[in-house]
1. What Kirkwood hydrodynamic radius do you get for the chain when you take the inverse of the mean 1/r over all pairs of distinct Cα atoms, in Å?
2. Go through 47-53, 31-37 and give me the packing order, highest mean Cβ count within 10 Å leading.
3. Could you tell me the center-to-center distance, by alpha carbons, between region 53-110 and region 1-42 in angstrom?
4. To test your reading of the geometry: what angle, between 0 and 90 degrees and rounded to tens, separates the Cα axis of helix 36-47 from the longest principal axis of the chain?
5. Let me know the shape class of region 1-74, please: from the alpha-carbon gyration tensor, a ≥ b ≥ c as square roots of the eigenvalues, rounded when a/c is under 1.5, otherwise prolate if a/b is greater than b/c, or oblate.
6. Would you mind calculating the relative contact order of region 4-128 from Cα pairs under 8 angstrom and at least 6 residues apart, reporting the percent as a whole number?
7. Divide by every residue of the chain the summed helix terms, -39500 (n - 2.57) for each DSSP H run of at least 4, and state the resulting mean residue ellipticity at 222 nm, rounded to the nearest 500 deg cm²/dmol.
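Read the figures in this text as sums done on the coordinates, not as results from a lab. Quick caveat: nothing in here was measured; it's all calculated off a predicted structure. Cβ atoms come from the backbone with ideal geometry, glycine included; neighbour counts cover every protein chain shown.
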């Protein structure tokens, strides 16, 4: 398996936990990216944890050694399209999830997640690791 992947927060957490299935998949990946939004979610979780300083340093290191993608006007456009379609279907997903999906679609990346709600996003390439 190879390809261009965008990692969701739960995949990064699994990687941090040493999940061998995630590690194996990443070894075979062509390119791997992380949305800035995911880093924000990780920092939020780390700041509430019992080992905040250790976890924050780990996220810092990960962020410095990973290709991080920010949002821009094209991302915002994709966000609007996705959110509108979800609203029409009556299938909301978390706001950060919409931004993550928008980045994946904008850059034609496969979104890697363990969250089933991304299946509600039309034309979204998804892999469940």
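1. Working: mean 1/r = 0.0664 Å⁻¹.
Kirkwood radius, the chain: 15.1 Å.
2. In descending order of packing, they fall as 31-37, 47-53.
3. Cα centres, region 53-110 to region 1-42: 13 Å.
4. That helix lies at roughly 50 degrees to the long axis.
5. Cα axes put region 1-74 in the oblate bin.
6. 30
7. Estimated from H runs of four or more residues: -17000 deg cm²/dmol.
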